[in-house]
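The values are calculated or read from the model by the stated rules, or taken from the named source; none is laboratory data. Here the structure is a predicted model, which is why all the values come from computation and not from measurement. Cβ coordinates were reconstructed from backbone atoms using ideal geometry, including for glycine residues, and neighbour counts include every protein chain displayed.
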Amino acid sequence: MEKRAIFQGRLLPFALVAPQLVVTLVFFYWPASQAVWQSFLQEDAFGLSSEFVGFANYRDLFAKADYYRTIGTTAFFSALVTALSLSIALFLAVQADRQLKGATAYRTLLIWPYAVAPAVAGVLWFFMFQPSLGLVSQGLRGLGFTWNPLLDSTDAMALVVMAATWKQVSYNFLFFLAGLQAIPKSVIEAAAIDGARPVRRFWTIVFPLLSPTTFYLFVVNVVYVFFDTFGIIDATTAGGPAKATETLVYKVYSDGRVGGDLGGSAAQSVILMVIVIALTAVQFRFIERKVQY
Amino acid sequence: MAEVVLTGVGKTYAGGVTAVTDVEFTVPDGAFCVLVGPSGCGKSTLLRMIAGLETITTGTVSIGGRVVNAVEPAERDIAMVFQNYALYPHMSVYDNMAYGLRNRGTPKAEIETRVREAARVLELGDLLARKPRQLSGGQRQRVAMGRAIVRKPQVFLFDEPLSNLDAKLRVQMRVEIRRLQRSLATTSVYVTHDQLEAMTLADMLVVMNKGRVEQIGAPLDLYRRPETLFVAGFIGAPPMNLIDVAIGPDGLRPVAGDAGIVGGLGIAVPATGARLGIRPEHLHVVGDEPAPEGGIALSYTVSAVEAVGAETFLHGRLGATGPDVVIREPGTIAAAPGTVRRVVARRDDLHLFDRETGRRIPLDA
Amino acid sequence: MVEHRPFGTALAHLTLLIGIAILAFPVYLAFVASTWDAATIANGKMPLTPGPLFLENYWRTLFVGTSGTTRQPVGGMLFNSFVMAMTIAIGKIVISLTSAFAVVYFRFPFRMTIFWLIFVTLMLPVEVRIYPTYKIVADLNMLDTYAGLTIPLIASATATLLFRQFFMTVPDELVEASKIDGAGPMKFFRDTLVPLSVTSVAAMFVIQFIYGWNQYLWPLLITTRDDMQTIVIGIKKMIVTQDALTEWQLAMATAVLAMLPPVLVVIVMQKLFVRGLVETEK
């Protein structure tokens, strides 16, 4: 779609896009291309010279067991947080949607965690599960469970999953509620007259109609778990214990901080970029389809 | 005040689509010119070329003796009323009217005087502080008018300004626009697809079709003497009955259906065929009396009667199976569906057109 | 729902209230902790009701700082966070408004190329190219500066797309009326387009303010000086995960202070926030 009424001007439009273009080129394209270039280079031990090594950095990466473990951790973490936060949010949204009057009030009371920084969310949850003084971990100890996210990798994973889910439920709730409220009431009523009970109605009518929202949220949540949970992980477990909660993004950060292997770190970045681009492409294909309907 | 002169004006878009071809006419100083035609006939494009919102491909447009082809809209000394009014939604009524004056550096006191005066004339005095969304459709229309008036331009341009109003308001605003234009005596060009609006507003009517001018003239002249089939069918409501005719042994006879026309016109019909035009209001149901001198009589089968009080519309066929013909009779008349009636028309009320070229064939030659 | 079942309705309310309670519990706990003394928290016997030290703890947090390490008081961090969030939000809005204006209302060479260059950055969050970006900022001598903290995060395809979408819905006739009223492009931009965009701008502001305020990885890398830290970084540094001597009451007061501005923005501007989120979805 194009505008019919436009302005004339040769330099003005360039002046108008210049600020954004310059920032984009300097801080997006330049570093991204640097990463791609470096991923094909290998530096010598002193960082003085580098040589082109083709895909060697990538081969090295995939030759190490710990990279696979990080991929596994990331996949497990993503799947768990996405599944939990989507289902909890959907459940709450269905309850709120039933209250025609209270829906907005409930929305206010449920959406605010979106605004809490991931790192702060991590701190809040860590405080509850701190082994010696955390209220929840003490309660669990009283019940006979020892809970120590600093030592036990399962406990640590559970902690970051809980904190990440806690933060993401509100966003999903918002979209599910909007999606539910967009379903025409007459469709539900028709199903009721056709004899479908509420639970059956939900799975045969409401849930299928909600599928565009669900799909959108699925992609967004996966991206969220990939990147935005960095703060949560860094504030609670710092990837530990024994790298049990190290995601791909966290690995790029911690490997880079240790320094040394610039090429390997760049190769990790490039793989991440490819993953994000693939996810976005999936999302676009879906949006395209939505436009056609 | 100024006259608007169009010379050989044409518009071809970058894609090669031609919207307007070789338009040529002069709107005299102070006249109200209406461009009318079906949608897509190029009338809006032509108006926008006068406004400077579209570039001119060929020919020239001049306003007040100055060729304005390369002049920016703001410099043409025109004002325009848009179909959707194009009021600035975030500005008050006052600011909407004052904006153009402020951009031109008109002194504050002068702006105030002009806006108040326009508001008085348009009865918008109480609404100056309101935002457009707080106004009714009719009020928005007035603000759009006011925005044009305060500028005191050489030319007013109207792009279907009444089409978003309901029928009653449209009639009311039509009268008002006419009154206002008369009192300001500003040259105006007005675009509409509504032939009734065109007839009632225009001093000068320009009928357009497929990017070309079909006919230019005073509204009643166009009604009485359409030069082309298109104008004949476009001007007048309900539209003129158009019947394909050929010359038979006893004069004219319709091409389709059984015979039904009595009386020849005494002229030669082109070999390619002709089309006879008779307005519904010029056909009269009669008893046994003969057709008027030089006129014609038809046999007419009534199929439906619509009595609306002041007049009666008859729908039916020429002969028993001929083309559809509509008759408009004043008052009420008795005619049962299914009956066959005799219908006559005067020679002066007949129009004959060449079926191939669409041009008028003079009956009085 | 179609059925009228008072019991079902009550159950739904109950479920929602439980959900709200679970969401709010960590925050409530943090607030309670921020009103007790360190010892009460450290021995694990903290009551579930607020303690007596509300004013003292917040005073210390804001203006004094923790005692164990030589950390900055949180007041300065709040200021840094505020500068960062505001600069990012306003910067994004300004450069996105002008670039969307150029792309929609002008025809110029490479217009679509430039549009796509901006568009593709949707897919590249700062996290995936963190070290090369860091290196460029370091080369430009922008470490430990507000410019380094904000400018790399200012380019935003999201805002540009949103504004472009909004501009497309502005009727052409408004441009034409402006032209006839003698307004050039910048006058139209200032007098008509920007005033018409206020709702979109406000919605974008809410989203981007939160985005800026909650940044973590970037300021973590870019700031080395304590006085340049943002509050989200500061709180993390107050907690020594292995160490029971963390001054939890101050850390929790900091957490509450770090949450307050963005949460307030979301709640007060809820309508705009929801609109901003939903519109960027498209």
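List, please: which pairs have Cβ atoms under 7 Å, are six or more places apart or on different chains, and start with a residue in the range B:109-134 that is within 18 Å of B:Met145 (Cβ to Cβ) and free of Cβ contacts under 8 Å to residues at least 40 places away in the same chain and end with one that is of a type in the set (Ser, Thr, Tyr) and surrounded by 15 or more Cβ atoms within 10 Å (Cβ to Cβ)?
Listed pairs, sorted by first residue: B:Val115/B:Tyr94; B:Leu128/B:Ser92; B:Leu128/B:Tyr94; B:Arg130/B:Ser92.
Being at pLDDT 85 or above and buried (at least 23 other Cβ atoms within 10 Å of the Cβ) is the filter here, so list the residues in the range A:130-160 that pass it.
A:Ala156, A:Leu159, A:Val160
Take B:Ala119 and decide whether it is on the phi > 0 side of the Ramachandran plot and either of a type in the set (A, V, I, L, M, F, W, C) or in a loop (DSSP other than H, G, I, E, B) (or both). Explain how you work it out, then say what you get.
Values: on the phi > 0 side of the Ramachandran plot: no; either of a type in the set (A, V, I, L, M, F, W, C) or in a loop (DSSP other than H, G, I, E, B) (or both): yes.
So B:Ala119 fails the test.
Might you check whether a residue that is part of a helix (DSSP H, G or I), charged (D, E, K, R) and farther than 25 Å from C:Ile130 by Cα occurs anywhere in the range C:177-185? Show your work before the answer.
To start, the set of residues in the range C:177-185 that are part of a helix (DSSP H, G or I) comprises C:177-180, C:185.
If we keep only those that are charged (D, E, K, R) as well, we get C:179.
Pick out the ones that are also farther than 25 Å from C:Ile130 by Cα and you get C:179.
Yes, the range C:177-185 has at least one match.
Does C:Leu162 satisfy the criteria of being modelled with pLDDT under 90, in contact with an Asp or Glu (Cβ under 9 Å, 6 or more places away or on another chain) and more than 9 Å from chain A (Cβ to nearest Cβ)? Steps first, please.
On the way: modelled with pLDDT under 90: yes; in contact with an Asp or Glu (Cβ under 9 Å, 6 or more places away or on another chain): yes; more than 9 Å from chain A (Cβ to nearest Cβ): yes.
Here the answer is yes, as C:Leu162 does meet what is asked.
Among B:Thr321, B:Thr312, which is the only one that is of a type outside the set (Phe, Trp, Tyr) and either surrounded by 15 or more Cβ atoms within 10 Å (Cβ to Cβ) or assigned to a strand (DSSP E or B) (or both)?
Residue meeting the stated conditions: B:Thr312.
What number of residues in the range A:138-180 are more than 11 Å from every other protein chain (Cβ to nearest Cβ) and among the charged types (D, E, K, R)?
2
Please verify whether the range A:228-242 includes one or more residues that are more than 9 Å from chain C (Cβ to nearest Cβ), outside any helix (DSSP H, G or I) and within 17 Å of the chain's Cα centre (by Cα).
For the range A:228-242, residues more than 9 Å from chain C (Cβ to nearest Cβ), outside any helix (DSSP H, G or I) and within 17 Å of the chain's Cα centre (by Cα): present.
Each row is one residue, and each column tells you yes or no for (1) closer than 30 Å to C:His13 by Cα; (2) part of a helix (DSSP H, G or I).
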residue	(1), (2)
A:Gly54	no, no
A:Ile71	no, yes
A:Leu86	yes, yes
A:Leu90	yes, yes
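Quick check, is A:Thr214 more than 12 Å from chain C (Cβ to nearest Cβ) and among the polar types (S, T, N, Q)?
Numbers: more than 12 Å from chain C (Cβ to nearest Cβ): yes; among the polar types (S, T, N, Q): yes.
It is true that A:Thr214 is more than 12 Å from chain C (Cβ to nearest Cβ) and among the polar types (S, T, N, Q).
Pick out, from the range C:104-161, the helices (runs of 4 or more DSSP H) lying fully within it that include 1 or more residues that are hydroxyl-bearing (Ser, Thr, Tyr) and closer than 24 Å to A:Trp37 by Cα. Give the derivation first.
Values: elements: C:111-120, C:130-139, C:146-154.
Once the helices (runs of 4 or more DSSP H) in the range C:104-161 are filtered for at least 1 residues that are hydroxyl-bearing (Ser, Thr, Tyr) and closer than 24 Å to A:Trp37 by Cα, what remains is C:111-120, C:130-139.
With assigned by TED's automatic domain parsing to the domain that holds B:Ile78 and part of a helix (DSSP H, G or I) as the only criterion, which of B:Arg130, B:Arg114 stands out? Steps first, answer last, please.
Details: B:Arg130 fails: part of a helix (DSSP H, G or I).
Result of the check over B:Arg130, B:Arg114: B:Arg114.
Can you find even one residue in the range B:139-160 that is over 30 Å from B:Thr106 (Cβ atoms), in a helix (DSSP H, G or I) and not basic (Lys, Arg)? Talk me through it step by step, then tell me what you get.
Here is the first cut: in the range B:139-160, the residues over 30 Å from B:Thr106 (Cβ atoms) are none.
No: the range B:139-160 contains no residue that is over 30 Å from B:Thr106 (Cβ atoms), in a helix (DSSP H, G or I) and not basic (Lys, Arg).
How many residues, within the range B:61-75, are part of a loop (DSSP other than H, G, I, E, B) and at the interface with chain C (Cβ under 8 Å from one of its Cβ atoms)?
1
Using the structure shown, decide if B:Gly40 is small (Gly, Ala, Ser), in a loop (DSSP other than H, G, I, E, B) and away from every other protein chain (no Cβ under 14 Å).
Taking the combined requirement at face value, the residue satisfies it.
Examine the range A:84-101 for a residue that is within 25 Å of the chain's Cα centre (by Cα), under 18 Å from A:Leu279 (Cβ atoms) and not hydroxyl-bearing (Ser, Thr, Tyr), and state whether such a residue exists.
Taking every residue of the range A:84-101 in turn, at least one turns out to be within 25 Å of the chain's Cα centre (by Cα), under 18 Å from A:Leu279 (Cβ atoms) and not hydroxyl-bearing (Ser, Thr, Tyr).
Going by the structure shown, is A:Pro113 under 20 Å from A:Phe230 (Cα atoms) and of a type outside the set (D, E, K, R)? Write out each step before concluding.
Numbers: under 20 Å from A:Phe230 (Cα atoms): yes; of a type outside the set (D, E, K, R): yes.
Against the criterion (under 20 Å from A:Phe230 (Cα atoms) and of a type outside the set (D, E, K, R)), A:Pro113 qualifies.
Specify which of the listed residues (B:Val68, B:Val93, B:Val34) is surrounded by 22 or more Cβ atoms within 10 Å (Cβ to Cβ) and under 20 Å from B:Glu160 (Cβ atoms).
Working: B:Val68 fails: under 20 Å from B:Glu160 (Cβ atoms); B:Val93 fails: under 20 Å from B:Glu160 (Cβ atoms).
When all the criteria are applied, what remains is B:Val34.
Just to be sure, is A:Leu92 within 8 Å of chain C (Cβ to nearest Cβ) and touching a residue at least 12 places away in the same chain (Cβ under 8 Å)?
yes
Look through the range C:84-141, keep the residues that are of a type in the set (D, E, K, R) and in contact (Cβ under 8 Å) with a residue 60 or more places away in the chain, and return whichever of them is farthest from the other protein chains (Cβ to nearest Cβ). Steps first, please.
Let us first name the residues in the range C:84-141 that are of a type in the set (D, E, K, R), namely C:92, C:107, C:111, C:127, C:129, C:135, C:139.
With in contact (Cβ under 8 Å) with a residue 60 or more places away in the chain added as a condition, the list becomes C:92, C:127.
Numbers: C:Lys92: 9, C:Glu127: 5 Å.
Here the residue is C:Lys92.
Taking A:Ser186 as meeting all but one of (1) among the polar types (S, T, N, Q); (2) within 10 Å of chain C (Cβ to nearest Cβ); (3) over 27 Å from the mean Cα position of the chain (by Cα), write down the number of the exception.
Here A:Ser186 meets the rest and fails (2).
Among C:Gly68, C:Gly75, C:Gly91, which is more than 30 Å from C:Pro195 (Cβ to Cβ) and at pLDDT 80 or above?
Only one candidate qualifies: C:Gly75.
Kindly check whether there is at least one residue in the range B:207-217 that is more than 14 Å from the chain's Cα centre (by Cα), closer than 24 Å to B:Arg355 by Cβ and among the small types (Gly, Ala, Ser). Give the steps one after another, and end with the answer.
Here is the first cut: in the range B:207-217, the residues more than 14 Å from the chain's Cα centre (by Cα) are B:210-212.
Restricting the remaining residues to those that are closer than 24 Å to B:Arg355 by Cβ gives B:210-212.
So of that shortlist, the ones also among the small types (Gly, Ala, Ser) come out as B:211.
Looking through the range B:207-217, at least one residue is more than 14 Å from the chain's Cα centre (by Cα), closer than 24 Å to B:Arg355 by Cβ and among the small types (Gly, Ala, Ser).
For a quick check of your reading: which strands (runs of 3 or more DSSP E) sit entirely within the range B:177-259 and have at least 2 residues that are at pLDDT 95 or above, at positive phi and not aromatic (Phe, Trp, Tyr)? Break it down stepwise before answering.
Working: elements: B:187-192, B:204-209, B:212-217, B:241-248, B:251-254.
Answer list for the range B:177-259: none.
Whether any residue in the range B:222-229 is farther than 30 Å from B:Asp349 by Cβ, out of contact with any helix residue (DSSP H, G or I) (no Cβ under 9 Å at 6 or more places or on another chain), aliphatic (A, V, I, L, M) and in contact (Cβ under 8 Å) with a residue 40 or more places away in the chain is what I want to check.
Taking the range B:222-229 and keeping what is farther than 30 Å from B:Asp349 by Cβ, we get none.
Scanning the range B:222-229, I find no residue that is farther than 30 Å from B:Asp349 by Cβ, out of contact with any helix residue (DSSP H, G or I) (no Cβ under 9 Å at 6 or more places or on another chain), aliphatic (A, V, I, L, M) and in contact (Cβ under 8 Å) with a residue 40 or more places away in the chain, so the answer is no.
Can you confirm whether the range A:21-39 contains a residue that is more than 8 Å from chain C (Cβ to nearest Cβ), hydroxyl-bearing (Ser, Thr, Tyr) and within 25 Å of C:Val128 (Cα to Cα)? Let's see the steps before the verdict.
Of all residues in the range A:21-39, those more than 8 Å from chain C (Cβ to nearest Cβ) come to A:22, A:33, A:36-37, A:39.
So of that shortlist, the ones also hydroxyl-bearing (Ser, Thr, Tyr) come out as A:33, A:39.
Going one step further and asking which of them are within 25 Å of C:Val128 (Cα to Cα), we end up with A:33, A:39.
Yes.
All but one of (1) within 18 Å of A:Thr236 (Cα to Cα); (2) at the interface with chain C (Cβ under 7 Å from one of its Cβ atoms) hold for A:Leu109; state the number of the condition that does not hold.
(1)
Sort out which residues of the range C:158-182 are surrounded by 22 or more Cβ atoms within 10 Å (Cβ to Cβ) and of a type in the set (A, V, I, L, M), and write them in order of number.
Correct list: C:Ala159, C:Leu162, C:Val175, C:Ala177, C:Ile180.
So the check is Cβ under 7 Å with 6+ separation or different chains; which pairs have a first residue in the range B:84-103 that's facing another protein chain (nearest Cβ under 8 Å) and a second one that's outside any helix (DSSP H, G or I) and hydroxyl-bearing (Ser, Thr, Tyr)?
Going by the 7 Å Cβ cut-off, the qualifying pairs are B:Tyr99/B:Tyr88.
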